[in-house]
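Following: one structure in structure tokens, then a few remarks.
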Amino acid sequence: MSDTRVSFEVVVVGAGPAGLAAACAAAESGCRTALVDDTPWLGGQIWRGQQAHPTIPLAAHWVERFKQTKAVLLDQCTILGPGSSRILLAEDPGGPRQIQWERLILATGARELFLPFPGWTLPGNFGPGGLQSLAKHGWPVAGKRIVLAGSGPLLLAVGGGLRKMGACILSINEQAPLSRLISFGAGLFRWPSKWGQAARLKWTLRGTPFRCGVWPIGAQGMEQLRAVTLTDGRRQWTEECDLLACGFGLVPNVELPLALGCQLDNGFVRVDAWQASSVAGVYCAGELTGIGGADAALVEGSIAGLAASGHENAIRQLMASRASWRRFSAGLAKAFALREEVARLASAETMICRCEDVRFDRMKSFACWREAKLQTRCGMGTCQGRVCGAAARVLFGWGMESVRPPVLPGRVESLTQD
């Protein structure tokens, strides 16, 4: 991207499955389209590494399909927030950029949810997705004794991947009760691809203990994690390990939609039948509208791309598929809903905001996120509240009232563009 300002009919933010599908639909409909992402690859976090070393046929298909379009890829480009007159303020390695749009599609995905417990900040604690990402990029896990804990299908997926890389998976501990998982699993025949994925993962992880209704209550170690204490609500036990990968599901990256003024519904962006948000010309797709995985994101992204390019009639044939994947998403949310106990793991001394060293006993004295932020600086560190803000929603029921640019860290000169 060489010009300071570039202009497109359709701009798609996020190059994961939803963003790829949206960009393909818009570009193939004849719109001048740009796909923007802050990474140097296509596929987002879920398909990370597939562009260089494809092993997932679905990912390879969509990456190749995008390459066949005339869409412009603006990679390694970070969106900092909205400017004026339908302009996004951005920066890439070359400096500040302005991206003007007529229709905007947001597909910014989701991140892991971390819930604080004593010892969760010890070196050796990772999010499951974060550990998987490091391992894919060469961080050594072979021979490491790893415990996985938290909630969601990602635990199985990460466990299977790490085991293939030579890690010793000691146990996988899911906080959801067995009864809910059995009920959810019994309905997977409606989505054969998901049933097949689950069966393959279980086979890959054969011999690894998979416990339901179990969650971590503490991690031990001096300068490095050495063990994790788990409970099933009746008894406690400790497992020695080298690494703990713990995450309690996913939360959507709604900072940019909020900065643009999009309305939320129960933490997700509210959209209509065309994936249009409450802001004129702004569409949202994928995990922003509900956690459902790559298949759901592809359908929603395709609908958003067609709607943004004025091809509403072509959307109708996709509506049945979207409805099916939304039922899957609802079943997923019900099966892996967090139990009350995991919101009560933190002790008085437990750090809630790691960036600004704000403890639980300090934060619980406030009535809302804004008040806590003003008094303690929680949420004002490097992660800009992405970790502690999501945790505070679970721990205290606080919502994030507003978001101010920059939604991601950037250079001052990038924020003072005309």
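The values are calculated or read from the model by the stated rules, or taken from the named source; none is laboratory data. Bear in mind that the values here come from a model prediction, so they are computed numbers and not experimental data. So basically every Cβ, Gly included, is an ideal-geometry build from the backbone, and we count neighbours across all protein chains shown. Side chains included, ligands, DNA and RNA excluded: accessible areas come from the protein's heavy atoms. Shrake-Rupley method; radii C 1.70, N 1.55, O 1.52, S 1.80 Å.
Loop only per DSSP, at most 11 neighbouring Cβ atoms within 10 Å: give me the trypsin sites (Lys or Arg not before Pro) in the range 232-280, ordered by residue number.
ARG234, ARG235
Cα centroids of the range 353-369 and the range 87-101: how far apart, whole angstrom?
A separation of 34 Å, based on Cα centres.
Ordering SER193, SER324 from largest to smallest accessible area (1.4 angstrom probe), what's the sequence?
SER193, SER324
Return, ordered by residue number, the residues of the range 250-279 whose backbone nitrogen is under 14 Å from a label point located 7 Å along Cα→Cβ of MET319.
272-276
I need to check one value: relative contact order of the range 247-388, counting alpha carbon pairs closer than 8 Å and at least 6 residues apart, in percent.
Answer for the range 247-388 is 13 percent.
Would you work out what percent of the accessible area of the chain, with all protein chains in place, is carbon or sulfur (probe 1.4 Å)?
Values: 9930 of 18810 Å².
The C+S portion of the solvent-accessible surface of the chain is 53 percent.
Take the Cα pairs of the range 114-248, get the Kirkwood Rh, then feed it into Stokes-Einstein at 20 °C and 1.002 mPa s and tell me D in µm²/s.
Values: Rh = 15.1 Å.
Rounded to a whole number, D works out at 142 µm²/s.
Identify unpaired cysteines across the chain, taking unpaired to mean no other cysteine Cβ lies under 4.7 Å from the residue's Cβ.
When partners are defined as cysteine Cβ atoms under 4.7 Å apart, the chain leaves CYS24, CYS31, CYS77, CYS168, CYS212, CYS241, CYS246, CYS262, CYS284, CYS355, CYS368, CYS383 without one.
Near the amide H of TYR283, under 5 Å away, which other amide H atoms are found, from residues 5 or more places off or on another chain, if H is placed in the peptide plane?
The answer is LEU104, ILE105, LEU106, SER277.
Enumerate the aspartates and glutamates that LYS194 could reach by cross-link, defined here as Cα to Cα under 12 Å, with residues fewer than 8 away along the same chain left out.
Qualifying aspartates and glutamates at Cα under 12 Å: ASP295.
Amide H neighbours of GLY221 under 5 Å, counting only residues 5+ apart in sequence or on other chains, H built in-plane at 1.01 Å?
So GLY221 has HN proximity to ARG226.
Given a Förster radius of 35 Å and the C-beta distance between SER133 and SER7 as r, what FRET efficiency does 1/(1 + (r/R0)^6) yield to the nearest 0.05?
Working: r = 34 Å, r/R0 = 0.96.
Between SER133 and SER7 the formula returns 0.55.
Given [x] 19.9; [y] 39.5; [z] 18.3, which label gives mean projected area of the Cα convex hull in nm² as computed from the coordinates?
Derived directly from the coordinates: [x].
Restricting to DSSP H runs of at least four residues, report the calculated mean residue ellipticity at 222 nm for the chain, -39500 (n - 2.57) per run over all residues, nearest 500 deg cm²/dmol.
-9000 deg cm²/dmol
Under the classification rounded if a/c is under 1.5, otherwise prolate if a/b is larger than b/c and oblate if not, where does the range 227-366 fall, given a ≥ b ≥ c as square roots of the Cα gyration tensor eigenvalues?
On the way: a/c = 3.12, a/b = 1.90, b/c = 1.64.
It is prolate, given that a/c is not under 1.5 and a/b is the larger ratio.
Over the chain, calculate the relative contact order: mean separation of alpha carbon pairs under 8 Å at least 6 apart, over the residue count, as a percent.
This gives 19 percent for the chain.
Taking 56 Å as R0, compute the FRET efficiency from the Cβ-Cβ separation of ARG235 and HIS61 and round it to 0.05.
Calculated value: 0.70.
How much accessible area per residue does the chain have, counting only protein heavy atoms and a probe of 1.4 Å, in square angstrom? Spell out each step's value before the answer.
Working: 18810 Å² over 418 residues.
With the other protein chains kept in place, the chain gives 45 Å² per residue.
ARG359's amide H: which non-local residues (gap 5+, or another chain) put their own amide H closer than 5 Å, with H modeled 1.01 Å from N in plane and none for Pro or chain starts?
Placed amide hydrogens put ILE352 under 5 Å from ARG359.
Checking the a/c ratio against 1.5 first, then a/b against b/c, what shape does the Cα gyration tensor give for the range 343-396? Write down the numbers at each step before the final one.
Details: a/c = 1.36, a/b = 1.23, b/c = 1.10.
Note, shape of the range 343-396 comes out rounded.
Tell me, in nm to one decimal, what length is gained between ARG370 and LEU181 on full extension, where the rule is 0.36 nm per residue of separation less the Cα-Cα distance?
64.4 nm
Give me the accessible area of ARG200, 1.4 Å probe, in Å² rounded to the nearest 10.
150 Å²
For the range 227-297 and the range 377-391, what is the centre-to-centre distance using only Cα atoms, to the nearest Å?
16 Å
Can you compute the modelled spin-label distance between ALA273 and ALA142, with each label point 7 Å from Cα toward Cβ, in nm?
5.6 nm
With every protein chain left in place and a probe of 1.4 Å, what is the accessible surface of GLU174, to the nearest 10 Å²?
0 Å²
Counting only DSSP beta bridges with both residues in the chain, what percent are antiparallel, rounded to the nearest 5?
Numbers: 29 of 64 bridges.
In the chain, approximately 45 percent of DSSP beta bridges are antiparallel ones.
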